[in-house]
Structure formats: C-alpha cells, structure tokens
C-alpha cells in the first residue's frame with residue numbers, strides 16, 4: 001500500500017512538473033513573440049526616420065521651426081539694442097548739454 005501511495009505521489013509530481021514546464025515554455029514563447037514585435041516596430045520606425053532624413057523630409061520642418069525661433073530671438077535682440085541706443089542717446093544728449101553749458105560759462109564773460 002505504501003509503495004502504491006509513493007508511486008501515485010510520484011506520478012502527480014511528474015504531472016505537476018510537466019505542467020509547469022509547459023507553462024514556462026508557453027510564457028517564454030510569448031515573451032519572445034512580444035520582444036520580436038517590439039524590435040520589429042523599432043526597426044521599422046528607424047527605417048522610416050532614416051528614409052525621411054535621406055529624402056530631406058522632416059528636415060524642412062526642423063529648419064522652419066528653427067528659423068521661427070531664430071527670428072523671435074533676433075527680434076528680441078533688436079528690441080534690446082533699440083532700448084540701449086535710446087538710453088545711450090539720452091545720456092549722450094545730457095552730457096553734450098552739460099558740456100556746452102560748462103564751455104559757455106567758461107568762455108563767455110559774465
């Protein structure tokens with residue numbers, strides 16, 4: 001009786017091991033399939049981008065965006081320089097007026 005019980009337990013253990021192995025193989029196959037899909041998708045995207053770059057498409061969009069950004073930056077710089085010129089002009093005008101007044105005081109008799 002004891003031997004039959006051990007054989008029975010052994011049979012059940014073997015079945016459990018077989019089932020576990022089959023499930024592990026199934027999971028491995030599924031993981032390999034998913035990884036292949038991801039790799040193929042990445043390759044396709046890379047080829048698409050490479051093709052666009054080689055044809056020059058996409059570069060035009062990038063150039064246009066950079067030109068807009070550069071134009072905005074240039075407009076800001078021009079405005080900053082205009083403000084600085086106005087400030088310098090004001091200072092220069094005041095300095096000239098002060099210098100003229102000083103010269104007039106020194107040169108003209110009282």
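In terms of the Cα gyration tensor, with a ≥ b ≥ c the square roots of its eigenvalues, is the range 71-110 rounded because a/c is under 1.5, prolate because a/b exceeds b/c, or oblate?
Here the range 71-110 falls in the prolate category.
Among (i) 14, 40, 25, 14, 6, 0; (ii) 12, 34, 23, 16, 9, 4, 1, 0; (iii) 11, 12, 11, 10, 10, 9, 9, 8, 6, 5, 4, 3, 2, 1, 0, which is the computed P(r) over Cα pairs in 10 Å bins from 0, in percent?
From the options (i) 14, 40, 25, 14, 6, 0; (ii) 12, 34, 23, 16, 9, 4, 1, 0; (iii) 11, 12, 11, 10, 10, 9, 9, 8, 6, 5, 4, 3, 2, 1, 0, the structure gives (iii).
Full-extension gain between residue 2 and residue 81, please, as 0.36 nm times their residue separation minus the C-alpha to C-alpha distance. Please list the in-between numbers first.
Details: separation 79, 0.36 × 79 = 28.44 nm, distance 10.07 nm.
Going from the current span to full extension adds 18.4 nm.
Output the 0 to 90 degree angle, nearest 10, between the alpha-carbon long axis of helix 2-55 and the longest principal axis computed from the alpha carbons of the chain.
30
Relative to the longest principal Cα axis of the chain, at what angle does helix 59-107 sit, 0 to 90 degrees, rounded to 10?
The angle comes out near 30 degrees.
Laboratory data are not the source of any read-out in this text; all were calculated from the coordinates shown. Note that the structure is a prediction, hence the values are computed from the model and not measured.
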